[in-house]
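K.L.:
Sharing a structure below in structure tokens format, with a few things to ask.
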Amino acid sequence: MLDVSLAQGVLELLPVASVGVYRVVGPDVEGQRWLCCGLARRGQLTVSDPPWVDLDSLPAVAAFPLRRLVLDSRLLEQAELPTVNLVDPAHCFVTVLPLMVELGLPGVLEVISDKPLPLDALKPIQTLLKVFANFQNLLESSQRDALTGLLNRQTFDATFLKASMPSQANPVQDVERRVSSVTGYWLGVIDIDLFKLVNDRFGHLIGDEVLVLVARIMRQSFRHYDRLYRFGGEEFVVLLRGGTEADAKQAFERFRRNVESYVFPQVSKVTISLGFTEVMHNDTPSVAFSRADQGVYQAKHQGRNLVLCYEALVREGVLKTETAHVGDVELF
């Protein structure tokens, strides 16, 4: 929403054809893509790519060399390019400015006009971008865990409630919703196995390094639009969008294998236990978390280094729907 507002605001300040905010997403340098976070055009509604867009459908960073140059140099660039049907002349001018963020996704502001923009017109825009960057950094720092950079527990409830609320997309979906209470989201709760032993044996600095590396593996294992949280200690949460139970199990299993196969400095091997559940319409965060947490409990009870689905455990008779998370066995 901030990026959409930024594109709209700059369009109102400048006599230009369009203003776009583009940010870089992707798990690694080779797979990085441009995500359109806000595109404002004269006489049209401001649009953006949906946050759940398939990464492979987005243009590669290398496909827009001027944006890439600005991203690397952090300096303003302007060039004349063939028209992109936004202005009448045979050629248009593209001005790209860096978004100076310390946290969050790196990106650029791209302005398309029918003539070069003078420096006196760009100076207030650069000042605006500095204010915008400061505000965004403050917002990001309040929403992220200081150690791992993942979203923090305080941001989880609001995001979860949006995911669990029925969407008013169209009447067809409303008809389908009468026979289905699912939301298309899966909640996974992750606990690092025997993490207390890591701290006791190697010290808390090494323990913190393990947490940071597990967070890094999470970013590499899940999609750019999945929401990743650290809840504190060795507990992490994933809000996974879309797919069937089998799809969610496959995604969580991939993460489990990635952790298991990673060689952690000094510690060598670390494993995780993961429980997940399908988010239902009007679920509360605590109720859905409790279901997934029962999957974690069972994974610990069955030997650790496992991914278990709450609904599958209910079908198998291991759990009852109203099962409480109780037990007298020390698993951690």
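The values are calculated or read from the model by the stated rules, or taken from the named source; none is laboratory data. Please read all numbers here as calculations on a predicted model, not as lab measurements. In this analysis, Cβ positions are derived from the backbone assuming ideal geometry, glycine residues included, and neighbour counts consider all displayed protein chains. The area values use the complete protein model at the heavy-atom level, side chains included, leaving out ligands, DNA and RNA. Shrake-Rupley method; radii C 1.70, N 1.55, O 1.52, S 1.80 Å.
K.L.:
Identify all residues within the stretch 21-37 that are within 17 Å of Met100 (Cβ to Cβ) and not aliphatic (A, V, I, L, M); write none if there are none.
P.N.:
Selection gives Tyr22, Arg23, Cys37.
K.L.:
Residues in the stretch 171-179: is at least one at pLDDT 85 or above and assigned to a helix (DSSP H, G or I)?
P.N.:
No, that holds for no residue.
K.L.:
Can you pull out every residue in the stretch 247-268 that is of a type in the set (A, V, I, L, M, F, W, C) and either touching a residue at least 60 places away in the same chain (Cβ under 8 Å) or open to solvent by less than 30 Å² (accessible area, probe 1.4 Å) (or both)?
P.N.:
Ala248, Ala251, Phe252, Phe255, Val259, Phe264, Val267, listed by residue number.
K.L.:
Okay, next question. What pairs come up if the first residue lies in the stretch 281-297 and is closer than 13 Å to Tyr185 by Cα, the second is at pLDDT below 95 and not in a helix (DSSP H, G or I), and their beta carbons are under 6 Å apart, counting only those six or more places apart or on different chains?
P.N.:
From the stretch 281-297, the pairs are His281/Pro166; His281/Ser181; His281/Thr183; Ala288/Val279.
K.L.:
Moving on. Tell me, which strands (runs of 3 or more DSSP E) wholly within the stretch 1-96 include 1 or more residues that are open to solvent by 50 Å² or more (accessible area, probe 1.4 Å) and free of Cβ contacts under 8 Å to residues at least 60 places away in the same chain?
P.N.:
Per the criteria, 33-41, 77-82.
Each row is one residue, and each column tells you yes or no for (1) modelled with pLDDT of 90 or more; (2) within 16 Å of Leu14 (Cα to Cα).
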site: Gly31; (1), (2): no, no
site: Leu39; (1), (2): yes, yes
site: Arg68; (1), (2): yes, no
site: Ala79; (1), (2): yes, no
site: Leu97; (1), (2): yes, yes
site: Leu103; (1), (2): no, no
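K.L.:
Only residues that are in a helix (DSSP H, G or I) and surrounded by fewer than 19 Cβ atoms within 10 Å (Cβ to Cβ): list them for the stretch 269-288, please.
P.N.:
Ser286, Val287
K.L.:
Can Leu161 be described as surrounded by 13 or more Cβ atoms within 10 Å (Cβ to Cβ), modelled with pLDDT under 85 and either touching a helix residue (DSSP H, G or I) at 6+ places or on another chain (Cβ under 6 Å) or of a type outside the set (A, V, I, L, M) (or both)?
P.N.:
No, not satisfied.
K.L.:
Mind counting the residues in the stretch 105-152 that are free of Cβ contacts under 8 Å to residues at least 24 places away in the same chain, open to solvent by less than 80 Å² (accessible area, probe 1.4 Å) and in contact with a Phe, Trp or Tyr (Cβ under 8 Å, 6 or more places away or on another chain)?
P.N.:
Adding up the residues that qualify gives 0.
K.L.:
Still on this structure, I have one more. Got at least one residue in the stretch 223-246 being in contact (Cβ under 8 Å) with a residue 12 or more places away in the chain, in a helix (DSSP H, G or I), surrounded by fewer than 21 Cβ atoms within 10 Å (Cβ to Cβ) and not polar (S, T, N, Q)?
P.N.:
The answer is yes, given that some residue of the stretch 223-246 is in contact (Cβ under 8 Å) with a residue 12 or more places away in the chain, in a helix (DSSP H, G or I), surrounded by fewer than 21 Cβ atoms within 10 Å (Cβ to Cβ) and not polar (S, T, N, Q).
K.L.:
Something else now. Which residues, counting only those in the stretch 298-315, are assigned to a helix (DSSP H, G or I), within 18 Å of Thr271 (Cβ to Cβ) and open to solvent by less than 40 Å² (accessible area, probe 1.4 Å)?
P.N.:
Listed by number, the residues that qualify are Gln298, Ala299, Lys300.
Quick grid of which residues meet (1) under 23 Å from Val210 (Cα atoms); (2) aliphatic (A, V, I, L, M):
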position	(1), (2)
Glu235	yes, no
Val263	yes, yes
Gln266	yes, no
Gly275	yes, no
Asp283	no, no
